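K.L.:
This is the structure, below, for whatever I ask next.
Every read-out reported here was derived from the displayed coordinates using simple, explicitly stated rules and does not represent laboratory data. The structure presented is a predicted model; accordingly, all values stated were derived computationally and were not measured. Quick reminder, even Gly has a Cβ in these numbers, built from the backbone with ideal geometry, and neighbours come from all protein chains shown.
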Amino acid sequence: MKLLLFIEERVARMTDIWGGADLVAQGARIIPREGDEALLNGPALADDIGVVSQDDIDSLFA
């Protein structure tokens, strides 16, 4: 029971940090990024088109 209360308190705190239960229930909002921040999208996926693979980069240094 103590564990469930602990988890419930933490979830309630995070919900408050994220803007309250109503906002969390609406789901994630996509915030448009500009400038250099727009370039920070993480690694390319295997099925992405027009991206350079790690093998291509490695061949530049071979």
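K.L.:
So what's the net charge close to A21: Lys and Arg +1, Asp and Glu -1, counting the other residues with Cβ under 14 Å from its Cβ? Before the final figure, lay out each step's value.
P.N.:
Details: positive: R13; negative: E8, D16, D22.
Residues close to A21 contribute a combined charge of -2.
K.L.:
In degrees, nearest 10, range 0 to 90: what is the angle between the Cα axis of helix 2-17 and the longest Cα principal axis of the chain?
P.N.:
Around 70 degrees separate the two axes.
K.L.:
Using the crude model of +1 on Lys and Arg Cβ and -1 on Asp and Glu Cβ, and no other charge, please compute the dipole size for the chain relative to its Cα centre, in debye to 20. Mind dumping the intermediate values first?
P.N.:
On the way: 5 positive and 12 negative charges, 109 e Å.
Roughly 520 debye, rounded to the nearest 20.
K.L.:
In Å and on Cα atoms, what radius of gyration and Dmax does the chain show?
P.N.:
Cα only, the chain: 20.6, 59 Å (Rg, Dmax).
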